[in-house]
1. Looking at region 222-246, which of its residues are touching a helix residue (DSSP H, G or I) at 6+ places or on another chain (Cβ under 8 Å), part of a helix (DSSP H, G or I) and free of Cβ contacts under 8 Å to residues at least 12 places away in the same chain?
2. With the structure loaded, tell me whether Lys188 is within 30 Å of Gly221 (Cα to Cα), open to solvent by 20 Å² or more (accessible area, probe 1.4 Å), in contact with an Asp or Glu (Cβ under 8 Å, 6 or more places away or on another chain) and part of a helix (DSSP H, G or I) or whether it fails that test.
3. Would you mention how many residues in region 160-176 are within 16 Å of Ser9 (Cβ to Cβ), of a type in the set (Ser, Thr, Tyr) and free of Cβ contacts under 8 Å to residues at least 40 places away in the same chain?
4. So, of the residues in region 191-203 that are in contact with a Lys or Arg (Cβ under 6 Å, 6 or more places away or on another chain) and within 14 Å of Arg234 (Cα to Cα), which turns out to be surrounded by the most Cβ atoms within 10 Å (Cβ to Cβ)?
5. Take region 229-252 and flag every residue that is surrounded by fewer than 17 Cβ atoms within 10 Å (Cβ to Cβ), among the charged types (D, E, K, R) and under 23 Å from the mean Cα position of the chain (by Cα).
6. So which helices (runs of 4 or more DSSP H) are wholly in region 65-139 and hold at least 1 residues that are among the polar types (S, T, N, Q), over 28 Å from Met33 (Cα atoms) and free of Cβ contacts under 8 Å to residues at least 40 places away in the same chain?
7. Please go through (1) crowded, with 21+ Cβ neighbours inside 10 Å; (2) in contact with a Phe, Trp or Tyr (Cβ under 8 Å, 6 or more places away or on another chain); (3) closer than 22 Å to Ala279 by Cα for Phe23 and return the number of the only condition it doesn't satisfy.
8. Does any residue of region 163-184 turn out to be assigned to a loop (DSSP other than H, G, I, E, B) and surrounded by 20 or more Cβ atoms within 10 Å (Cβ to Cβ)?
Amino acid sequence: MKENEQHPSFMLVDGMALLFRAFYATAVTGQFMINSKGIPTNAVQGFLKHMLTAVNHFSPSHVAVCWDMGSKTFRNELFDGYKANRSEAPVEMIPQFDLAKKAVEAFDIPNIGLSGYEADDCIGTIAKASAQHSRVGILTGDQDMLQLIDENISVLLLKKGYGNYEVHNPDSFFEWKGITPRQMIDLKALMGDTADNYPGVKGIGEKTALKLLIQYQSIEGILENVASLTNGQRAKIESAVDMLHLSRKLAEIKCDVPISCPLDDAVYQYDREKVKNLARDHEFRTLLRMI
């Protein structure tokens, strides 16, 4: 444990990504795991299994969970259509948002979120601040987080099932994409994002976007050299310059939101009885088995 005191390892959990992933994994077959109070628990139980499996696998000394706080953020003010294609959360999911936070609380893990910002922005801000004195691992299924990779920040991408991860640091990311994590923001701006509903440059996919970024480094570099592009690329980019700049703002995770999580608040240790009581109360059979 002594070594941990000198080099804390801080796991930041993308709560929404894990909760939705767990929900849809069982919802397809109609397994909502409704308890005797009539409350579905499939998302919460799957979320806890994802989180605890990762904690066992990576053994962090500190853990915190970040959440979205409502659907409207500063990105909706920048662009009306942002995430406008998302449907409402399924009715079985709705009571599980609060229940998930209650479960996290039972483990004495901080729940973090800030109105007007996404969980990504909270994760980015805390990751950058904590990387000065700890190794940070971001647990998520969302590739948007890859832009946050840094010397002391890794992204732990969930793969299919439980306990399977693809861990990325600056070297492995460069080997995979051929660009730096920061260039990921420009990559998303060029390609657009169908999940977040912003277009980027119509007709430019990942392959072309990567090629342009490897050659010209950034959106500014591409625009400065627009005369050297093929006619097709040039026409597409010139007709979308405003959208390109806007898409970049939407793609970039803010790392300076007014939020903090001191390491002392996130020490990972919990009271087994408190967790058992929560599990019995809500009939979390998976959790009872795991602890």
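1. Glu224, Ala227, Arg234
2. Against the criterion (within 30 Å of Gly221 (Cα to Cα), open to solvent by 20 Å² or more (accessible area, probe 1.4 Å), in contact with an Asp or Glu (Cβ under 8 Å, 6 or more places away or on another chain) and part of a helix (DSSP H, G or I)), Lys188 does not qualify.
3. 0
4. Val201
5. Lys249
6. So the answer is 74-78.
7. Of (1) crowded, with 21+ Cβ neighbours inside 10 Å; (2) in contact with a Phe, Trp or Tyr (Cβ under 8 Å, 6 or more places away or on another chain); (3) closer than 22 Å to Ala279 by Cα, only one is false for Phe23: (2).
8. yes
The values are calculated or read from the model by the stated rules, or taken from the named source; none is laboratory data. The shown structure was predicted, so the numbers you read here are calculated from the model rather than taken from an experiment. As a convention, Cβ positions derive from the backbone with ideal geometry for all residues, glycine included, and neighbour counts pool all protein chains shown. With ligands, DNA and RNA removed, areas are computed over all heavy atoms of the protein, side chains included. Shrake-Rupley method; radii C 1.70, N 1.55, O 1.52, S 1.80 Å.
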